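Taking it in order: structure first as structure tokens, then the write-up.
The values are calculated or read from the model by the stated rules, or taken from the named source; none is laboratory data. All values reported here derive from a predicted model rather than from experimental measurement. Backbone-built Cβ (ideal geometry, glycine too); neighbour counts: all protein chains shown. For accessibility, only protein heavy atoms count, side chains too; no ligands or nucleic acids. Shrake-Rupley method; radii C 1.70, N 1.55, O 1.52, S 1.80 Å.
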Amino acid sequence: MIYYIYEIERELNMSRPRTKTDLLATATSNYEKLSTIIIGLTEKEISTSFDFLGDEKKKEAHWKRDLNLRDVLIHLYEWHQLLINWVRSNQNGDNQPFIPTPYNWKTYGEMNLEFWQKHQSTSLEDAKAMLEKSHAEVLKLAEAFTNEELFSKGVYKWVGGSTLGSYFVSVTASHYDWAIKKLKAHKKNCAAV
């Protein structure tokens, strides 16, 4: 997860929030940016399938997996659920890894594909509502922790060698940047046609 998100951040040239205040502000700001792009999509951009096959720079699996706005929103929603379930389970004493069995950090791409398949009948409107709700839940959950609990290593054994806050950053601010980049690329493709 952390490697995956660091790659996104490196690609996007962004700095990572390192305090609770920065986490909440950046997550909120990036979510608003994403929402603004979504609201501004034309009917053509919404109805045209994503197609990045002609771009040699876009080799990662997600460029082929996500075919529309709903797919992107569901991906964000499902990663919110991973975080929420992971934190709550571990707070309740049920030691769970972030990536649920049978997946791991080497096979999370298969998990992402399962999320995609699971939601092929989810409507775009439902996906928007689900993401809006889960975004609010993740921010509320982050609010429940102190800055030290979020950004000091070793506070929670179940987090491993990272910080809890890094997971929150990854599934919010960084993931929203990923989605923004994807939607901008799609808009550019639609304009070129």
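The table that follows gives values for the structure above.
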item: Whole-Å distance, taken between Cα centres, linking the stretch 116-130 and the stretch 17-65; result: 16
item: At R0 = 25 Å, FRET efficiency that the Cβ-Cβ distance of Ala25 and Lys128 yields, to 0.05; result: 0.65
item: Calculated [θ] (222 nm, deg cm²/dmol) that DSSP helices of n ≥ 4 give over the chain, each run adding -39,500 (n - 2.57); result: -20000 deg cm²/dmol
item: For the chain, the longest site-free run once trypsin sites (Lys or Arg not before Pro) in DSSP loop states with at most 12 other Cβ atoms within 10 Å are removed; result: 1-56
item: Simple spin-label estimate for Ser152 and Gln91 in nanometres, 7 Å along Cα-Cβ; result: 1.9
item: Descending principal axes extents, the stretch 75-189, alpha-carbon based, whole Å; result: 45, 30, 24
item: The stretch 12-82: GluC sites (Glu not before Pro) in DSSP coil with no more than 12 other Cβ atoms inside 10 Å; result: Glu56
item: Farthest toward positive dipole pole in the stretch 16-62 [+1 Lys/Arg, -1 Asp/Glu at C-beta], among His62, Ser29, Ser49; result: Ser29
item: Portion, in percent, of the accessible area of the stretch 126-193 that falls on carbon or sulfur, probe 1.4 Å; result: 55
item: Whole-number accessible area per residue in Å² for the stretch 141-193, which is evaluated in the context of all protein chains at 1.4 Å; result: 42
item: Net charge of Cβ neighbours under 15 Å - reference Thr42; Lys, Arg +1; Asp, Glu -1; result: +2
item: The chain: angle of helix 124-143 to the longest principal axis, Cα-based, in degrees nearest 10; result: 20
item: Stokes-Einstein D (µm²/s) once Rh is taken as the Kirkwood radius of the stretch 139-179 over alpha-carbon pairs, at 25 °C in 0.890 mPa s; result: 231
item: Value in Å of the Kirkwood radius, where the chain supplies the Cα pairs that are averaged; result: 17.3
